[in-house]
Structures are given as C-alpha cells and as structure tokens.
1. With respect to D215, is the statement that it is over 30 Å from Q274 (Cβ atoms), open to solvent by 40 Å² or more (accessible area, probe 1.4 Å), among the acidic types (D, E) and part of a loop (DSSP other than H, G, I, E, B) true?
2. Hand me the list of strands (runs of 3 or more DSSP E) wholly inside the stretch 228-342 holding 1 or more residues that are open to solvent by 10 Å² or more (accessible area, probe 1.4 Å) and among the β-branched types (V, I, T).
3. Just to verify a result, which residue in the stretch 140-160, among those that are in contact with a strand residue (DSSP E or B) (Cβ under 8 Å, 6 or more places away or on another chain) and in a loop (DSSP other than H, G, I, E, B), is surrounded by the most Cβ atoms within 10 Å (Cβ to Cβ)?
4. Give the residue, chosen from P156, P194, P180, that is within 30 Å of E340 (Cβ to Cβ) and not polar (S, T, N, Q).
5. Cβ contacts < 6 Å: first residue of a type in the set (S, T, N, Q), restricted to the stretch 318-343; second residue assigned to a helix (DSSP H, G or I), any location; separation 6+ or different chain. Result?
6. Quick check, is R96 touching a residue at least 12 places away in the same chain (Cβ under 8 Å), assigned to a helix (DSSP H, G or I), closer than 17 Å to L331 by Cα and basic (K, R)?
7. Can you find a residue that is touching an Asp or Glu at 6+ places or on another chain (Cβ under 6 Å), in a helix (DSSP H, G or I) and either in the same structural domain as T173 (by the TED database) or of a type outside the set (S, T, N, Q) (or both) anywhere in the stretch 65-74?
8. Kindly establish whether N311 is farther than 24 Å from V178 by Cβ and at pLDDT 95 or above.
Amino acid sequence: MREAFGQAKRALATLLSGSLLLVMPAYAAENFDPASHEGARALVDELASQGVDRDWLTLALTRAEYRPAVLEAMSGAAERRLRWDEYRNIFIKPERIEAGVNFIQAHRDAFERAEAQYGVPPEIIAAIIGVETFYGRHTGTHRVIDSLATLAFHHPRRGDFFRGELAAFLEITNEQQVDPLTLDGSYAGAMGYPQFIPTSYQAYAVDFDDDGMRDLWHNPVDAIGSVGNYFARHGWTPGAPVISDATGPATPPAGIAFNRTDKPYASIASLAEQGIEPAGGASVSGDETQVIPVMLDFVDDKVAYRLGYHNFYVITRYNHSHLYAMAVNTLAERIREAMEAEA
C-alpha cells in the first residue's frame, strides 16, 4: 500500500499539468474538487495548515465520488427497523459461532495478551469482530473516501460530524502512507476488522504486534488489541456481569423507560415495584444496583425482559443500540460455550 501511496503522489504532478484532465471522469469536477467545491477547499486549507500535504489532499478529494446510495443507506439501519428475534437471527448462527471459536484459536496469543492487558474476555472481543465483519470476511464494499465525502457535504443533519470523520480519515491515511482511494468500508465510513470510524481509529487503534503500524484493515492482531483497548478506555469492568434475565408482565409497564443506552439509570428495587424482577427472585449484585431495563420484542407481540449492567452499557459505546449489545453478548456466550464444550 505504501507503493500505491507513492504512485498516487506521482500521479498528482501529471494531473496538475493537465494531461489527465481529458481522461478524468466527468463527475470529478462536479463532486469534491477543491478548486470548485467550497467545503472541500476549506477542508484542504484546514488540514494543510496542520501539516498535511496540500497537493496530496487535493488529489484525494478530487478523485472522491458522490454516492447518493450512501445517504439512502443511512436511513435504513437494521437497529431501527427489526424486532429482537429478527435481529438476533442475523448474527446468532452456527457458522458464526464456529468461526468465532476458530478465530480465537488462530490468534490465541493476541487474545490472551488483550485479556491480560485490557481485562476484556476473548469471546467479547471476538463477538464484536464477528458481528461487525464476520471476523474480517466482510469489511464493506463502499470506498471510504466516497462515503465520508458524501456524508460530510450532503448529509442533512450530521454533516459536521462526518466532516470530522473525513478529516480524520485523510490524516490517518496520510500519516500511515496508505492510498485513501484504495480502502473500502461501510456506507458510514467504518473500516477494517472492527469497523472503527476514523476518529475511533485515531483514538483507540493500537499497534498490537509491534510492527510499527496500526493496521485495522488487514491485521487481525492489531484489531484484537484495539477492540480490547476501546472497551477498557470506555470502562469495561473485568469479571463483572453484562446482563441477566428478568421476569415481568405480558404488557410492558408504561412507567419504565426501556432500552435507553445511557449509563444504568434504574434501580432493581424500583423496577420490582413495577413488576420487573430478576429471574429466580435474586439480583446479581443487590437491589439498589443501577441497571438498564431491556425489553425485547418478538413475533406475535411477545416480550422478554433483561437487566443490563455497566458492562452492557460499555458494549453500547461501540454501537448505541440495545439490539446490538444483545447480539454481541449472545454471540460471546455461544462462543464461550462452544469453546468449553471442546475443552
């Protein structure tokens, strides 16, 4: 990739001389060319003032493409439209469980070091990567620079957020000498094995194999360490529970705010007053413990209840959805059970 990066820089000289202008796609000048796009020009000025090569930035943004399908995809995330049983069935399948066991076994040293350093169990780290990309098999089909440029300059509400992600992406690829035009990811610009967005990449990615590069795109060892670091930095408590079963009425009590992915906000005692109680009648850590009351919906309007603890909240820092946290924890449990059965 470093060679490709160098080739991109060399191509710039030809581009600026005008010899490629006749063969450049027509959309380039209409999209994010800083010469004609005010937002792109302002971003180039900002990053160039921080030391990023101006010509390199100009080339990268000139070659970025507007992708309206990215904007359409942003409104259709599964977390906003599926019941729990539908969402669960996407991820909790025998092949994903088996692949998780194999992934841990293939990188056992990295998982053991991550648990020792960050306190996060192998099955939790593996489940994150398993849910995100099926252990690196499916890391996305959208060119990251196209997704982020489209969202930065065209998203109706979150443009400023994605502008920051685009800036971070350009900083990362410039620093690591990676051609930004070669990297694919999700429609929202998430990248690599763990699908870090660029600012998370900057903040939490680690060089876990000490090869001099934080590579989450191709290096599973760096991904394992980086997920562990992410969880530790967000307050994962080693050995503490994630979630427990609860019982409750067929119709959810109106006075309880279910499924908020805030820090635990309801005491077990207060939930019991409204009919939501730990399964078996005993709480994991005491009646005054603060939890996240979780209500899971199934076909035919059936519901089930869970009590999410602090570590459940930490999982939601990765994706602010109770369904996502449930899928990660459930997959982690199945992976652990499969490993124990093999032992």
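The values are calculated or read from the model by the stated rules, or taken from the named source; none is laboratory data. Owing to the predicted nature of the structure, the values given are computational and were not obtained by experimental measurement. Every residue, glycine among them, receives a Cβ derived from its backbone with ideal geometry; neighbour counts consider all protein chains shown. These area figures cover heavy atoms from the full protein model, side chains too; ligands, DNA and RNA do not enter into them. Shrake-Rupley method; radii C 1.70, N 1.55, O 1.52, S 1.80 Å.
1. Numbers: over 30 Å from Q274 (Cβ atoms): yes; open to solvent by 40 Å² or more (accessible area, probe 1.4 Å): no; among the acidic types (D, E): yes; part of a loop (DSSP other than H, G, I, E, B): yes.
So D215 does not fit the description; no.
2. On the way: elements: 243-247, 290-297, 303-308.
Of the strands (runs of 3 or more DSSP E) lying wholly inside the stretch 228-342, those with at least 1 residues that are open to solvent by 10 Å² or more (accessible area, probe 1.4 Å) and among the β-branched types (V, I, T) span 243-247, 303-308.
3. Narrowing the stretch 140-160 to residues in contact with a strand residue (DSSP E or B) (Cβ under 8 Å, 6 or more places away or on another chain): 140-144, 147.
After this cut, where a residue has to be in a loop (DSSP other than H, G, I, E, B) as well, the list is 140-141.
Working: G140: 20, T141: 9.
In this case the residue turns out to be G140.
4. On the way: P156 fails: within 30 Å of E340 (Cβ to Cβ); P180 fails: within 30 Å of E340 (Cβ to Cβ).
Testing whether each residue is within 30 Å of E340 (Cβ to Cβ) and not polar (S, T, N, Q) leaves just P194.
5. Every condition considered, the pairs that remain are S321/E79.
6. Values: touching a residue at least 12 places away in the same chain (Cβ under 8 Å): yes; assigned to a helix (DSSP H, G or I): yes; closer than 17 Å to L331 by Cα: yes; basic (K, R): yes.
Against the criterion (touching a residue at least 12 places away in the same chain (Cβ under 8 Å), assigned to a helix (DSSP H, G or I), closer than 17 Å to L331 by Cα and basic (K, R)), R96 qualifies.
7. Taking the stretch 65-74 as the starting set, the residues that turn out to be touching an Asp or Glu at 6+ places or on another chain (Cβ under 6 Å) are 65, 67.
Retained after the next criterion (residues that are in a helix (DSSP H, G or I)): none.
No, the stretch 65-74 contains no residue that is touching an Asp or Glu at 6+ places or on another chain (Cβ under 6 Å), in a helix (DSSP H, G or I) and either in the same structural domain as T173 (by the TED database) or of a type outside the set (S, T, N, Q) (or both).
8. On the way: farther than 24 Å from V178 by Cβ: yes; at pLDDT 95 or above: yes.
Judged against the criteria, N311 is a match.
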